[in-house]
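Trainee: Before anything else, here's the structure in question.
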Amino acid sequence: MEKLVLHGVKLHYLSKDTIIRVDTYKLTSPKWNATSYEGHHALYQFETSTIKQDRLFCKGSAIVDMNQPQARIIAQLLEPKGNGSLVYWGYFDAILEQKEYAEHYVMEALIPQMLKENPQMKMEFEKKEKEDTLFAKNPNLILNWFFSKTPYWDRNKDIYPVGKIYDRKFIDSLLESCLPDKEIN
C-alpha cells in the first residue's frame, strides 16, 4: 500500500474483520522477462479471468475509494493489466508461486483411490494425458495435477488479493465504519 500512499492516494482501514463479496481476477500463464528492467524481472505476460469471491478482509485492511482525484493512478497501479501496474512490477509475484506440495509416496497411494471414486476426474486426467505430451511424460506434473484436486491445494493460488466493490452504498457504509488513520500507523 505504500506505493499508493506515495502517489497521494487516500486509504481507509477496516475497523473489524469483514467478509465482502468482491470481483477480482485469477491470473494464469505467467511469463517473466528474462532480464531485469530497473531492478525488476517484470511479469510481462499473463492471462486474467474475472471471478466473484466472498473474501475475509481482516481489521486494518485498506479500502481504496475511487472517488478521489488520484482515481486514474489507482486504476493503473491496481488493475493487473494497467500500464505500470503493481502486478507488472512484481509486487504480487507471491500469489503465482505454489507454496505447498505433497510427498510423492502420499500422492502415489491416493491416486488409485481418487480415480476409482471420481470417474469424471479419471476422464479429465486421461484427456489431459492424451492432449499434453509434456504432461504425460512428467511424473512430477502428473502428481502435482492430482494434488491440485485434493482439499489440501491452496485455492487462493493465482487469485489477485485486490477486490473491487461496485455497490456505492455498501462502499459508503464501509467507509463510515473505518478506523481513523492515526489508529493504523
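The values are calculated or read from the model by the stated rules, or taken from the named source; none is laboratory data. Bear in mind the structure is a predicted one, so any value in this text is a computation, not a measurement. Glycine gets a Cβ as well: all are built from the backbone with ideal geometry, and neighbour counts include every protein chain shown.
Table: residues versus (1) under 30 Å from D23 (Cβ atoms); (2) under 26 Å from the mean Cα position of the chain (by Cα); (3) not assigned by TED's automatic domain parsing to the domain that holds D17.
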residue	(1), (2), (3)
L110	no, no, yes
K116	no, no, yes
P119	no, no, yes
F135	no, yes, yes
F170	yes, yes, no
E176	yes, no, no
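This table checks each residue for (1) closer than 14 Å to P161 by Cβ; (2) among the basic types (K, R).
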| position | (1), (2) |
| --- | --- |
| K10 | no, yes |
| S15 | no, no |
| F46 | no, no |
| Q53 | yes, no |
| L56 | yes, no |
| A62 | yes, no |
| D65 | no, no |
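Trainee: Got a number for residues in segment 154-180 being exposed (fewer than 15 other Cβ atoms within 10 Å of the Cβ) and of a type outside the set (D, E, K, R)?
Mentor: Here the count works out to 9.
Trainee: For segment 1-53, enumerate the residues that are hydrophobic (A, V, I, L, M, F, W, C) and within 20 Å of the chain's Cα centre (by Cα).
Mentor: M1, L4, I19, I20, V22, L27, W32, A42, L43, F46, I51, listed by residue number.
Trainee: Pick from D54, D65: which is surrounded by 11 or more Cβ atoms within 10 Å (Cβ to Cβ) and farther than 18 Å from N144 by Cβ?
Mentor: D65
Trainee: Among the helices (runs of 4 or more DSSP H) lying completely within segment 68-185, list those that include at least 1 residues that are without any contact (Cβ under 8 Å) to a residue 40 or more places away in the chain and closer than 30 Å to L6 by Cα.
Mentor: Qualifying helices (runs of 4 or more DSSP H): 71-78, 168-176, 181-184.
Trainee: What are the residues in segment 26-64 that are assigned to a loop (DSSP other than H, G, I, E, B), hydrophobic (A, V, I, L, M, F, W, C) and over 30 Å from D172 (Cα atoms), if any?
Mentor: Answer for segment 26-64, where residues must be assigned to a loop (DSSP other than H, G, I, E, B), hydrophobic (A, V, I, L, M, F, W, C) and over 30 Å from D172 (Cα atoms): A34, A42.
Trainee: Only residues in segment 42-57 that are over 19 Å from A94 (Cβ atoms) count as the first member; pair them with residues that are surrounded by 15 or more Cβ atoms within 10 Å (Cβ to Cβ) and of a type outside the set (S, T, N, Q), Cβ under 7 angstrom, at least 6 apart or cross-chain, and list the lot.
Mentor: S49/Y25; S49/K26; T50/Y25
Trainee: Considering only segment 19-35, I want to know if a residue exists there that is at positive phi and free of Cβ contacts under 8 Å to residues at least 60 places away in the same chain.
Mentor: yes
Trainee: List the number of the failed condition for A94; all other conditions in (1) outside the structural domain of H7 (by TED's automatic domain parsing); (2) exposed (fewer than 15 other Cβ atoms within 10 Å of the Cβ) hold.
Mentor: Here A94 meets the rest and fails (1).
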